[in-house]
Amino acid sequence: MSETLNIPSNASKETVYDSLITQLSALIAAETDRTAALANVTAALHEALGFFWTGFYLIKNDRLTLNVFQGPIACSRIAYGRGVCGTAWAEKRTIKVDDVDEFPGHIACSSLSRSEIVVPLVKNGKVLGVLDIDSDKPTMFDDTDREKLEKLCEIIVCTCF
Ligand code: SME
């Protein structure tokens with residue numbers, strides 16, 4: 001597999017996600033180091049879809065702990081039930097926020113973040129971490145993002161954990 005991903009230009013978001021999911025599935029299946037695999041997932045999503053912040057938090061010592069990411073520096077630990085990430089952990093479901101100012105308890109790692117989607121990584125009913133993506137524009141995430149990112153996270157859980 002080439003180390004450069006092939007991202008279709010002028011394609012719909014759905015097509016970009018489908019192409020990414022196909023290529024990333026092969027890339028992470030060929031990588032035995034979890035950090036290396038997740039690092040490439042964040043880089044590919046961030047570059048192909050132009051997000052403001054893209055990264056993983058993994059649960060360590062009962063906190064979501066900052067893992068690989070692309071974008072500005074971020075808070076390094078998040079407690080259960082806190083912020084969008086901690087809520088996705090507590091509720092074991094994807095949380096999509098159109099306007100972060102409207103989400104009670106949102107943790108503002110950057111004042112430039114305007115909307116956000118957080119997908120939990122769930123294995124055997126247990127949350128292992130989250131994929132967190134921020135946009136600097138409001139209402140950037142829709143059901144296509146939710147569906148495709150959930151599919152990608154399922155593949156990540158099966159392959160990397
Ligand atoms: N906004 C998140 C915190 C993580 S940063 O966005 C990278 C939250 O409320 O959990």
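What follows draws every value from the coordinates through simple rules; no lab data is involved. Bear in mind the structure is a predicted one, so any value in this text is a computation, not a measurement. Neighbour counts run over all protein chains shown; Cβ positions are idealised from the backbone, glycine included.
Please list, or write none, the lysines whose alpha carbon is within less than 27 Å of the alpha carbon of Lys123, excluding same-chain residues fewer than 8 places away.
Result set, ordered by chain and number: Lys60, Lys92, Lys96, Lys148, Lys151.
Tell me, Kirkwood radius of the chain from alpha-carbon pair distances, in Å?
Details: mean 1/r = 0.0638 Å⁻¹.
Answer for the chain: a Kirkwood hydrodynamic radius of 15.7 Å.
Do the sum for the chain: with -39,500 (n - 2.57) for every DSSP H run of n ≥ 4, divided by all residues, what is the mean residue ellipticity at 222 nm, to the nearest 500 deg cm²/dmol? Walk me through the numbers on the way to the answer.
On the way: 4 runs with 60 residues, N = 161.
After summing the helix terms and dividing by the residues of the chain, the value is -12000 deg cm²/dmol.
If we count every other residue with Cβ under 13 angstrom of Asp98's Cβ, Lys/Arg +1 and Asp/Glu -1, where does the sum land? Show your work: numbers first, answer last.
On the way: positive: Lys96, Arg114, Lys137, Arg146; negative: Asp99, Asp101, Glu102, Glu116, Asp134, Asp142, Asp143, Asp145.
Local net charge: -4.
Taking 1 over the mean of 1/r across every pair of different Cα atoms in the stretch 44-96, what Kirkwood radius in Å do you get? Let's see the in-between values first.
Numbers: mean 1/r = 0.0850 Å⁻¹.
Kirkwood radius, the stretch 44-96: 11.8 Å.
Each label point is 7 Å from the Cα along the Cα-to-Cβ direction; what then is the distance between the points at Asp98 and Ala29, in nm?
With each label point 7 Å from Cα toward Cβ, the separation is 3.9 nm.
For the chain, with a Gaussian network of springs between Cα atoms less than 10 Å apart, report the residue from Phe103, Phe51, Phe69 with the top mean-square fluctuation.
Phe103
Using the crude model of +1 on Lys and Arg Cβ and -1 on Asp and Glu Cβ, and no other charge, please compute the dipole size for the chain relative to its Cα centre, in debye to 20.
Details: 16 positive and 22 negative charges, 125 e Å.
Rounded to the nearest 20 debye, it is 600 debye.
Please give every one of the aspartates and glutamates within straight-line cross-link reach of Lys13, meaning a C-alpha to C-alpha distance under 20 Å, and leave out same-chain neighbours fewer than 8 residues apart.
Qualifying aspartates and glutamates at Cα under 20 Å: Glu47, Asp98, Glu116, Asp132, Asp134, Asp136, Asp142, Asp143, Asp145, Glu147, Glu150, Glu154.
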